[in-house]
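The values are calculated or read from the model by the stated rules, or taken from the named source; none is laboratory data. None of these values were measured; they are calculated from a predicted model. Cβ atoms come from the backbone with ideal geometry, glycine included; neighbour counts cover every protein chain shown.
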Amino acid sequence: MTSNEKVKVLFVCTGNICRSPLAEALFRRMVTDEGLEDRFVIASAGTSTYHADERPHPGTQAVLAKNRVPLDPQKRAQVIRPADLDQFDYVVTMDRSNVQTLRRWGKDVPLLLDFAEGVKVRDVPDPYYDDNFDEVYHLVEKGLRGLLDHIRTREGV
């Protein structure tokens with residue numbers, strides 16, 4: 001990768017209203033805090049159409065605000081398209097059901113928590129069902145730190 005190329009990262013969950021927009025916003029803040037915002041394109045999408053074009057879940061908005069992480073006011077849930085798999089350098093999923101969906105499209109993708117050291121769970125739980133947004137925030141943060149380290153090493157960012 002040349003120094004002019006941007007690293008394109010896509011976070012994927014089911015509905016794109018809880019976990020993946022949280023990861024998108026937090027990763028954007030992390031790279032901005034490191035002065036790397038001009039080196040990345042960061043987005044998120046969902047594997048289902050359940051919440052297409054909706055704003056992120058109020059719980060996601062609240063946990064981001066509580067942790068002083070800005071959320072793009074224009075962010076709306078999007079559905080991943082097969083073309084996205086080729087357009088992004090890193091397509092990172094939140095749980096094994098997301099992995100299975102994308103494997104059916106011929107793409108093997110990692111789980112976010114594959115990058116998290118010392119975390120025993122592999123799936124980021126969906127807070128839509130359990131309202132555990134704080135737990136999800138901390139798991140996502142650990143995964144994102146590992147992902148950023150991985151990208152730095154691999155891409156020389």
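Tell me, yes or no, whether segment 87-105 has at least one residue that is touching a Lys or Arg at 6+ places or on another chain (Cβ under 9 Å), more than 19 Å from V31 (Cβ to Cβ), surrounded by 18 or more Cβ atoms within 10 Å (Cβ to Cβ) and among the acidic types (D, E).
Yes, there is a match, as at least one residue in segment 87-105 is touching a Lys or Arg at 6+ places or on another chain (Cβ under 9 Å), more than 19 Å from V31 (Cβ to Cβ), surrounded by 18 or more Cβ atoms within 10 Å (Cβ to Cβ) and among the acidic types (D, E).
Out of the residues in segment 41-55 meeting the condition of being crowded, with 19+ Cβ neighbours inside 10 Å and either farther than 29 Å from R103 by Cβ or without any contact (Cβ under 8 Å) to a residue 40 or more places away in the chain (or both), tell me which one is farthest from the chain's Cα centre (by Cα).
Here the residue is H51.
Give the residue that is farthest from K8 (Cα to Cα), with candidates limited to residues of segment 44-80 that are assigned to a loop (DSSP other than H, G, I, E, B) and among the aliphatic types (A, V, I, L, M).
Residue satisfying both the conditions and the ranking: A52.
Would you check if there is a residue in segment 78-94 being over 22 Å from K6 (Cα atoms) and charged (D, E, K, R)?
No, the conditions are met nowhere in segment 78-94.
From the set of residues in segment 14-40 that are assigned to a loop (DSSP other than H, G, I, E, B) and in contact (Cβ under 8 Å) with a residue 24 or more places away in the chain, which is nearest to D123 (Cα to Cα)?
Looking at residues that are assigned to a loop (DSSP other than H, G, I, E, B) and in contact (Cβ under 8 Å) with a residue 24 or more places away in the chain, I get T14.
With the structure loaded, tell me whether K142 is modelled with pLDDT of 95 or more and either assigned to a helix (DSSP H, G or I) or of a type in the set (K, R) (or both) or whether it fails that test.
Against the criterion (modelled with pLDDT of 95 or more and either assigned to a helix (DSSP H, G or I) or of a type in the set (K, R) (or both)), K142 qualifies.
When you scan segment 123-137, do you find a residue that is farther than 13 Å from R19 by Cα and either among the charged types (D, E, K, R) or crowded, with 18+ Cβ neighbours inside 10 Å (or both), even just one?
no
Among D33, D38, D86, which is the only one that is within 26 Å of E155 (Cα to Cα), of a type outside the set (S, T, N, Q) and modelled with pLDDT under 95?
Of the residues listed, the single one that is within 26 Å of E155 (Cα to Cα), of a type outside the set (S, T, N, Q) and modelled with pLDDT under 95 is D86.
Against the condition in contact with an Asp or Glu (Cβ under 7 Å, 6 or more places away or on another chain) and modelled with pLDDT of 95 or more, how does K66 come out, does it pass?
Considered against the rule, which asks whether it is in contact with an Asp or Glu (Cβ under 7 Å, 6 or more places away or on another chain) and modelled with pLDDT of 95 or more, K66 comes out as no.
Only one of (1) outside any helix (DSSP H, G or I); (2) over 18 Å from A52 (Cβ atoms); (3) under 15 Å from the mean Cα position of the chain (by Cα); (4) of a type outside the set (A, V, I, L, M) fails for G106. Which number is that?
Looking at each condition in turn, G106 falls short on (3).
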